[in-house]
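Student: If you scroll down you'll find the structure; I have some questions about it.
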Amino acid sequence: MAVQRIKNFWRRTYNKILLGLIAGAIFGTVFNQDPHKLKIITEETRKVVEGWERAEAILEGSKIEFSERDGAIKIIKFFQNLPKPKKEKLVIIFHKPGKEKEIFDRIVNIQKVETLATAVKPIGTIFVRLLIFIAIPLVIASLISGMASFEDTKTFGKIATKTIAYYIATTLIAITIGLICVNLIKPGLKIPADIKDKIISEYRVETKEIKETKGTKEIKEEGIGFDLIGFITNIVPTNPINAAASGNMLQIIFFSVVFGLALTKIDKSKSEVIIKFFDGMSEATIKIVNVIMKIAPYGVFALISATVAEFGPGILYSLIFYITTVLFCLAIHLFVIYSIFVRILGGENPVKFFRGIKDAQLIALSTSSSAATLPVNIECLERNLGVPKKIVSFVLPLGATLNMDGTALYQAVAAGFIAQTYGVEIGLAQQLTIVLIATLASVGTAPVPGAGIIMLAVILKSIGVPEEGIALILGVDRLLDMFRTVVNVTGDGTAALFISRGIKKKKPGL
């Protein structure tokens, strides 16, 4: 009876989330942001400017012109890129029909005009923060209690080896699919030169910020730095509390695994109390996840409506071939490759599998974050598909950190697209470089929205393609990030299914 109630809860939740997603897309379309409206905030006034035909930015005797076709985004980016002293001297003149002008000086800020759809975004932000907030306690509690249930370390060693090997194999397959498709479809040859110049001009500021960002792999002017030994060394935390506070998932996993396995080596009268504590903590965190999921439809509605409202349809038309190529490749990997693996390696009906993880896929679609989706994914695999807790608690957190099939595939397509757009030939050597760097990059990509775009800069630099080309795809990155996150979390689920089947064969009663 209790199991049936849980299934009914998740079924109702899925329907509500799906409804929230559809309603959010419609709401965002109706209340979308006007690309030509600007909110100008000066030291004295706040005013919305619209209906202008052209604008002039006058700064220290020089003049820069913006046409109505450029929209608000180009003016906003120009202003944001100015140092503070120059912002104070800037004068912007908006020319309207009938020789009417609006002049602004002593400008404090320039923003897009908020709509109802973007105003509800904080609801979605709170929802994502709640999921991330419970993810680390859930991982620690589940992993420690799961590891403590292993009878010997050899079994765990085999599971860890098979999991990592599976993740590397699926990542290589994903990258190969991306490269084959981008070479056959050639989306980069289908974008007009004037559209390319316009997009690069609009997103030049973001491209500069990405090039200057330093993550797990540094992007340096003189070359690419990837310290494999340093990466492995950094997995071992010097302070587990600090690892939890900073959200370093690999260090959290390392500590939890070591602690859980250590409990199997001490006297049962002493370990039993600790194991019961973490079992109780695991159950409590799962209960919190169920409570959070009650507001999921509203969080999804807010996230999707804000994304659709901010995104706008304009750039979709100019990059339709690139978008189609990425989505086509992701669909092949999601529905063909994973279905084959689920059937052959996992011994499960693919339809049942996809039904079982549909809640996690919807959360991944709306949040674009593997970390935020982790608690829901754990619940789906354990409750709906019967994957043992000890497997789920290890394979999924590791996958949320290391397994980024969708991101790796997208990076391969994006690199090929940008190279084609710039007319750069990428031969076999460069394509093998993409495979290698994208595989390594997927390991170091943070499980948060937009992290993959930073790693793309590493790949472009490694094959001699201008990093400025990232600007071409920035406008649609948020949209594609949603779909590649779905592939990422689904890949984690297929791995858990595969590993659990091997364990169940040896120990049928598990």
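Student: Considering segment 91-107 alone, what residues qualify as being exposed (fewer than 14 other Cβ atoms within 10 Å of the Cβ) and in a strand (DSSP E or B)?
Tutor: Passing the criteria: Glu100, Lys101, Ile103.
Student: Just for segment 115-157: of the residues that are touching a residue at least 12 places away in the same chain (Cβ under 8 Å) and charged (D, E, K, R), which one is nearest to Glu283 (Cα to Cα)?
Tutor: Among them, the one singled out is Glu151.
Student: Here's something else I'd like to know. When you scan segment 326-334, do you find a residue that is under 30 Å from Thr29 (Cα atoms) and not in a helix (DSSP H, G or I), even just one?
Tutor: No, segment 326-334 has no match at all.
Student: Okay, moving on. Given (1) on the phi > 0 side of the Ramachandran plot; (2) touching a Leu at 6+ places or on another chain (Cβ under 7 Å); (3) of a type outside the set (A, V, I, L, M, F, W, C), identify the lone condition not met by Arg106.
Tutor: The number of the failed condition is (2).
Student: Same structure, new question: Quick check on Ala72: is it in a helix (DSSP H, G or I), modelled with pLDDT of 85 or more, out of contact with any Phe, Trp or Tyr (no Cβ under 8 Å at 6 or more places or on another chain) and under 30 Å from Ser366 (Cβ atoms)?
Tutor: no
Student: Also, I was wondering about something else. How about segment 474-510: which of its residues are modelled with pLDDT of 85 or more and either outside any helix (DSSP H, G or I) or of a type in the set (Val, Ile, Thr) (or both)?
Tutor: Once the filter is applied, which keeps residues that are modelled with pLDDT of 85 or more and either outside any helix (DSSP H, G or I) or of a type in the set (Val, Ile, Thr) (or both), segment 474-510 yields Thr485, Val486, Val487, Val489, Thr490, Thr494, Ile499.
Student: Out of curiosity, is Thr307 of a type in the set (Ser, Thr, Tyr) and either more than 22 Å from the chain's Cα centre (by Cα) or modelled with pLDDT under 90 (or both)?
Tutor: yes
Student: Name every residue in segment 283-292 that is farther than 9 Å from Phe127 by Cα and aliphatic (A, V, I, L, M), in order of residue number.
Tutor: Matches in segment 283-292: Ala284, Ile286, Ile288, Val289, Val291.
Student: I need every pair where a residue in segment 442-468 that is of a type in the set (Gly, Ala, Ser) has its Cβ under 6 Å from the Cβ of a residue that is at pLDDT below 70 and in a loop (DSSP other than H, G, I, E, B), sequence separation at least 6 or different chains.
Tutor: Gly444/Thr216; Gly444/Lys217; Ala451/Thr445; Gly452/Thr445
Okay, residues lined up against (1) in the same structural domain as Ala438 (by TED's automatic domain parsing); (2) crowded, with 24+ Cβ neighbours inside 10 Å; (3) in contact with an Asp or Glu (Cβ under 9 Å, 6 or more places away or on another chain):
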residue	(1), (2), (3)
Ser462	yes, no, no
Glu468	yes, no, no
Phe483	yes, no, no
Val487	yes, yes, yes
Gly493	yes, yes, no
Phe498	yes, no, no
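Student: Spot the failing condition for Ile175; the list is (1) within 19 Å of Val395 (Cβ to Cβ); (2) surrounded by 15 or more Cβ atoms within 10 Å (Cβ to Cβ); (3) modelled with pLDDT of 85 or more, and only one is missed.
Tutor: Single failed check for Ile175: (1).
Student: Within segment 436-459, how many residues are buried (at least 24 other Cβ atoms within 10 Å of the Cβ) and modelled with pLDDT under 70?
Tutor: 5
Student: I'm trying to understand the selection: among the residues of segment 379-403, which are of a type outside the set (A, V, I, L, M) and either outside the structural domain of Gln361 (by TED's automatic domain parsing) or not in a helix (DSSP H, G or I) (or both)?
Tutor: The answer is Gly386, Pro388, Asn403.
Student: Can I ask one more? Considering every residue within segment 263-280, establish whether at least one is buried (at least 17 other Cβ atoms within 10 Å of the Cβ), assigned by TED's automatic domain parsing to the domain that holds Leu138 and among the charged types (D, E, K, R).
Tutor: There is at least one residue in segment 263-280 that is buried (at least 17 other Cβ atoms within 10 Å of the Cβ), assigned by TED's automatic domain parsing to the domain that holds Leu138 and among the charged types (D, E, K, R).
Student: Name the single residue that is nearest to Ile134 (Cα to Cα) among those in segment 263-284 being in a helix (DSSP H, G or I) and acidic (Asp, Glu).
Tutor: Ranking the candidates gives Glu283 first.
Student: I've got another one for you. For segment 239-262, enumerate the residues that are in contact (Cβ under 8 Å) with a residue 24 or more places away in the chain and in a loop (DSSP other than H, G, I, E, B).
Tutor: Within segment 239-262, Gly247 is the sole residue that qualifies.
The values are calculated or read from the model by the stated rules, or taken from the named source; none is laboratory data. Note that this is a predicted model, so its numbers are computed, not measured. Here Cβ is always computed from backbone atoms with ideal geometry, including for glycine, and neighbour counts include all displayed protein chains.
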